[in-house]
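Asker: To start, I am sharing the structure in question, which I have written as structure tokens.
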Amino acid sequence: MSLLLAVLALAAELVACLAVLAFAAVTIGFQGESYRRGLVPLQAALTWLAVLTALAPLLVTVWVVWRRLFSSQPWADVPLGLGLPVVVLLAGSVVAMLAFQGGELAHSWASEKRRAEERGALRAQVEAGERGKACELVVKDPRCTPADMQRCREVLESLGSPDARWRELEKFLTVGGHFETFNPKELGFTPTWDFNKSLVVVRHDQEWFLRTFYPALLARPETFSTPEGLRRLGSVLRSSSRYQGWTHAAGKVLRAELLPEVTRRLAEAQPRSRGSEELQSAFESATDQLTWLRTPPQDEEPPVPTLTQPAPRESIGLARLESEDGRLHLWLRATPTAGEFGDVYLGFDTHPSFGKEGRAILSHLGGLEPGEVKPVPPLG
């Protein structure tokens, strides 16, 4: 009977060891090709440590199986007996997980350092007179200033060719056709990186940018004649919303001056879209985005509150904590150094279970009573 229990226990331990090893293999697989190309030496070392540590419990368990079932040597000499594989499995799992996490941190630090160096080199080139890279700087540097945007504006306005102007404007779009964005931490708005929020890279001259971008997009012959063009139009419309960091003023320009022309051009294109199922689907998607965007956003964004005392000049916005659901509202400037309170709205949960970002901001504010309004101090 004891032999049967030993066999069952060892089988279960083998399965557990194989599961840990499989998890390690899957974790490495999810790193992806682009991730591995940027592997730094420290991360590579930690990754190998994690793999070897994940393999160790399997080797120990196989040795215990041999010693318990097939060896003539005394079983009593094995430390911890059948518990040895369990102890090694637990220790190996913890060490492997820590090694993987350490590798992730090493990669993150190295990537951020590399991006900072690239941004610094790009800024030096632009400030040295390479005007052709001015818009690229706006797209890549979250600390873009009004002067940076002015240089990009000058470049765009100097281009007489529609194709040349569109090549510059395309730099502001992702592969999927959305506007490029930064996260609030990169922009200096919040102390943590909230993966559920992103703000368009155009932080200055937003009204001028929209007045320049949309006519250039609508003038492209493929915009209303191909599924790819209509899908790109839909993506642009989707990422032109208030929730992507466009100011109220930019939203008014979009709805009053630009969307009527988009509506007219879509109406003209509708008969042509009926001959192709793919074209019709793309047309309907763009139309749905247009309908949604034409309505000024009202949900989830309360009016900007007022303070009884003027906010300090260096404040980047206002904050209020809801008394009912603990939701934290932030009404921020367009950038931490320019704009009006309310140009950017961000809402965060502060629930203990899933409101990590919101609680970090509360800590940055020095605490906040429900219903209280406070100026938001700059980070750093």
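The values are calculated or read from the model by the stated rules, or taken from the named source; none is laboratory data. Bear in mind the structure is a predicted one, so any value in this text is a computation, not a measurement. Note that each Cβ is placed from the backbone with ideal geometry, even for glycine, and that neighbours are counted across all protein chains shown. Note: accessible area is taken over every heavy atom of the protein model, side chains too, but ligands, DNA and RNA are not part of it. Shrake-Rupley method; radii C 1.70, N 1.55, O 1.52, S 1.80 Å.
Asker: Carbon and sulfur atoms: what percent of the 1.4 Å accessible area of region 33-115 do they account for? Mind dumping the intermediate values first?
Answerer: Working: 3590 of 5010 Å².
Within region 33-115, the accessible surface is 72 percent carbon and sulfur.
Asker: Restricting to DSSP loop positions (anything but H, G, I, E, B) with no more than 14 other Cβ atoms inside 10 Å of their own Cβ, which trypsin sites (Lys or Arg not before Pro) remain in region 287-380?
Answerer: 313
Asker: On the protein heavy atoms, probe 1.4 angstrom, tell me the percent of accessible surface of region 182-278 carried by carbon and sulfur. Could the numbers behind the result be given before it?
Answerer: On the way: 2130 of 4090 Å².
The C+S portion of the solvent-accessible surface of region 182-278 is 52 percent.
Asker: Moving to a separate point now. For Rg/Rh (Cα atoms, Kirkwood Rh), several values are listed as [x] 1.12; [y] 0.98; [z] 1.00; flag the one computed from this structure.
Answerer: The value matching this structure is [x].
Asker: Choose one answer from 360, 319, 24: the residue with the largest mean-square fluctuation in a GNM of the chain with alpha-carbon springs under 10 Å.
Answerer: 24
Asker: Sticking with this one: Using the membrane-span-like helix rule (whole DSSP H runs, Cα extent along the own axis of at least 24 Å, mean Kyte-Doolittle hydropathy at least 1.0), which helices of the chain qualify?
Answerer: Span-like helices here: 2-30, 41-65.
Asker: Find how much the distance from residue 288 to residue 207 grows on full extension, using 0.36 nm per residue of separation minus their present alpha carbon separation; answer in nm with one decimal. Please list the in-between numbers first.
Answerer: Values: separation 81, 0.36 × 81 = 29.16 nm, distance 2.33 nm.
Contour length minus the Cα-Cα distance gives 26.8 nm.
Asker: Separate question: What nm value, rounded to one decimal, do you get for the distance between residue 5 and residue 18 when each label is placed 7 Å out toward the C-beta?
Answerer: According to this spin-label approximation, the distance is 2.5 nm.
Asker: Using the 4.7 Å Cβ rule, please list in number order the cysteines from the chain without any candidate partner.
Answerer: 17, 144
Asker: Based on the Cβ-Cβ distance from residue 39 to residue 325, what FRET efficiency comes out when R0 is 45 Å, to the nearest 0.05? Provide the component values of the computation, followed by the final result.
Answerer: Working: r = 43 Å, r/R0 = 0.96.
After rounding to 0.05, the efficiency reads 0.55.
Asker: Here is a further query. Starting from the Cα gyration tensor of region 71-213, take the square roots of the eigenvalues, sort them a ≥ b ≥ c, and report rounded, prolate or oblate (rounded when a/c is under 1.5, otherwise prolate if a/b is larger than b/c, else oblate). Don't skip to the end; give the middle numbers.
Answerer: Details: a/c = 3.91, a/b = 3.57, b/c = 1.09.
Prolate, because a/c is 1.5 or more and a/b exceeds b/c.
Asker: From the square roots a ≥ b ≥ c of the eigenvalues of the alpha-carbon gyration tensor of region 220-265, which class results: rounded (a/c under 1.5), prolate (a/b over b/c), or oblate?
Answerer: Values: a/c = 3.66, a/b = 1.65, b/c = 2.22.
Oblate, because a/c is 1.5 or more while a/b does not exceed b/c.
Asker: Where does the chain land at 222 nm, in deg cm²/dmol rounded to the nearest 500, when only DSSP H runs of n ≥ 4 count, each adding -39500 (n - 2.57), divided by all residues? Walk me through the numbers on the way to the answer.
Answerer: On the way: 14 runs with 210 residues, N = 380.
Result for the chain, helices only: -18000 deg cm²/dmol.
Asker: Follow-up question, since we're still on this one. Can you compute the modelled spin-label distance between residue 243 and residue 281, with each label point 7 Å from Cα toward Cβ, in nm?
Answerer: Label-label distance for residue 243 and residue 281, simple model: 2.4 nm.
Asker: At 1.4 Å probe radius, can you tell me the per residue accessible area of the chain in Å²? Each step should come with its number before you reach the end.
Answerer: Values: 20040 Å² over 380 residues.
Computed with neighbouring chains in place, this is 53 Å² per residue.
Asker: Roughly how far apart, in whole Å, are the Cα centres of region 75-118 and region 151-222?
Answerer: The distance from the Cα centre of region 75-118 to that of region 151-222 comes to 42 Å.
Asker: Using only the Cα atoms of region 130-182, build the gyration tensor, take square roots of its eigenvalues as a ≥ b ≥ c, and label the shape rounded, prolate or oblate: rounded if a/c is under 1.5, else prolate if a/b is larger than b/c, else oblate.
Answerer: Numbers: a/c = 2.38, a/b = 1.07, b/c = 2.24.
Since a/c reaches 1.5 but b/c is at least a/b, the shape of region 130-182 is classed as oblate.
Asker: If you don't mind, there's one more thing I want to ask. Can you give me the distance in nm between label points at residue 116 and residue 311, each placed 7 Å from the Cα along the Cα-to-Cβ direction?
Answerer: If labels sit at residue 116 and residue 311, their model points lie 2.7 nm apart.
Asker: How much accessible surface area, in Å² rounded to 10, belongs to the heavy atoms of residue 248 with a 1.4 Å probe?
Answerer: Approximately 90 Å² of residue 248 is accessible to the 1.4 Å probe.
Asker: Mind giving me the FRET efficiency for residue 265 and residue 351? R0 is 41 Å, r the Cβ-Cβ distance, nearest 0.05 is fine. Mind dumping the intermediate values first?
Answerer: Working: r = 45 Å, r/R0 = 1.09.
Plugging the Cβ-Cβ distance into 1/(1 + (r/R0)^6) gives 0.40.
Asker: Run the numbers for residue 161 and residue 78: contour at 0.36 nm per residue of separation, minus the present Cα-Cα distance, in nm. The partial results should precede the final answer.
Answerer: Values: separation 83, 0.36 × 83 = 29.88 nm, distance 8.05 nm.
Going from the current span to full extension adds 21.8 nm.
Asker: Specify the residue with the greatest mean-square fluctuation among 223, 263, 295, computed from a Gaussian network of the chain linking alpha-carbon atoms under 10 Å apart.
Answerer: Maximum fluctuation in the GNM of the chain, among the listed residues, is at 295.
Asker: For a quick check: with amide H placed at 1.01 Å from N, whose amide H comes under 5 Å from residue 173's, ignoring anything fewer than 5 positions away on the same chain?
Answerer: The list, which skips near neighbours in sequence, is 180.
Asker: Let me ask something else about it. Calculate, for residue 48 and residue 174, the FRET efficiency according to 1/(1 + (r/R0)^6) with r their C-beta to C-beta distance and R0 30 Å; round to the nearest 0.05. It would help to have the intermediate numbers written out before the result.
Answerer: Numbers: r = 34 Å, r/R0 = 1.14.
FRET efficiency, residue 48 to residue 174: 0.30.
Asker: Over the chain, with a Gaussian network built from C-alpha contacts below 10 Å, which listed residue (370, 191, 57) shows the highest mean-square fluctuation?
Answerer: Highest fluctuation of the listed residues: 57.
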